[in-house]
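Sending over a structure as structure tokens; questions will come in a sec.
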């Protein structure tokens, strides 16, 4: 049976059951495709689509989303990965990032220059190639880990660059891209990579099409602000965006970021990549899922 939800035109606020017996967000929400490739994740529409992962993907497509991301893709079993890939292909949706490497939140790894951490990371990257091929992904998230306070920052930067050069040699033949994500000091204190100019310097030094920046707008609003000028300055090294308003890390229009202007700038730069919706819902339940979609409609071009 085709599990795609069947949507009818109803009056505002009405709901219709899925074939799976889950509830559907009001069909009064315009479900044309968005102008940018916003990518929801699992759980974001679970109240409307149900707990089944494939039903959730179908619901995202019905609501006009062209892409999808899943940080946990690499840890999912082979059967689930294949099912997700087929569902995305059937809906002509692009696969966004998944996390490629083990992230150390409590001790330095790549910045330390320790050869065992480097080899572990390179194995993670090699293993990620097969996952990316299986789910038709181009991008994978990389976080270098903590600062090493025992070493000068320049030595640490050199250690990270050397490791990423070797990882790029693994990815380049497959046309895959690791995207380096700077994370903010408030949510993730003590990390090596925290600023967009720092990520830009590293990517320029690695000098590979397989090493780019994941510009998370939420993180960089907290870390440095000045969003549009920093996006402009980093533009030729940005491979991927992620979204979240501040404070709260919820959907656009819930915080201080002028997402209408940010998205307008990105669109005017002819960006055709993915913008991952790496945030929560500000309101629980179906009403919150409806509000999230309406927020994206409001700030979309």
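Determine which single condition residue 158 fails, assuming it passes every other condition in (1) touching a helix residue (DSSP H, G or I) at 6+ places or on another chain (Cβ under 6 Å); (2) farther than 26 Å from residue 95 by Cβ.
Status for residue 158: all satisfied but (1).
Mind counting the residues in segment 68-81 that are within 26 Å of residue 173 (Cβ to Cβ), out of contact with any helix residue (DSSP H, G or I) (no Cβ under 7 Å at 6 or more places or on another chain) and outside any loop (DSSP other than H, G, I, E, B)?
2
May I ask you to verify whether residue 32 is within 21 Å of residue 244 (Cα to Cα), outside any strand (DSSP E or B) and either under 17 Å from the mean Cα position of the chain (by Cα) or modelled with pLDDT under 95 (or both)? Break it down stepwise before answering.
On the way: within 21 Å of residue 244 (Cα to Cα): no; outside any strand (DSSP E or B): yes; either under 17 Å from the mean Cα position of the chain (by Cα) or modelled with pLDDT under 95 (or both): yes.
No.
I need the full set of residues from segment 185-201 which are over 14 Å from residue 233 (Cα atoms) and not in a strand (DSSP E or B), in order please.
Listed by number, the residues that qualify are 185, 186, 187, 188, 189, 190, 192, 193, 194.
Counting just the residues of segment 85-116 that are part of a helix (DSSP H, G or I) and touching a helix residue (DSSP H, G or I) at 6+ places or on another chain (Cβ under 6 Å), which one comes out surrounded by the most Cβ atoms within 10 Å (Cβ to Cβ)?
Looking at the filtered set, the residue picked out is 110.
Here's a follow-up. I'd like to know if segment 162-169 contains one or more residues that are assigned to a loop (DSSP other than H, G, I, E, B), surrounded by 14 or more Cβ atoms within 10 Å (Cβ to Cβ), in contact with a helix residue (DSSP H, G or I) (Cβ under 7 Å, 6 or more places away or on another chain) and at pLDDT 95 or above.
No: zero hits.
Now for a separate question. How do the helices (runs of 4 or more DSSP H) wholly within segment 202-301 filter down when requiring 2 or more residues that are surrounded by fewer than 16 Cβ atoms within 10 Å (Cβ to Cβ): which remain?
227-234, 259-268, 285-299
Another question about this same structure. Residue 178 fails exactly one of the following numbered conditions: (1) in contact with a helix residue (DSSP H, G or I) (Cβ under 8 Å, 6 or more places away or on another chain); (2) in a strand (DSSP E or B); (3) more than 22 Å from residue 108 (Cβ to Cβ). What is the number of that condition?
With respect to (1) in contact with a helix residue (DSSP H, G or I) (Cβ under 8 Å, 6 or more places away or on another chain); (2) in a strand (DSSP E or B); (3) more than 22 Å from residue 108 (Cβ to Cβ), residue 178 is out only on (3).
The values are calculated or read from the model by the stated rules, or taken from the named source; none is laboratory data. Computed from a predicted model, the values in this text were never measured in an experiment. Ideal geometry is used to build each Cβ from the backbone, glycine not excepted, and the neighbour counts take in all protein chains shown.
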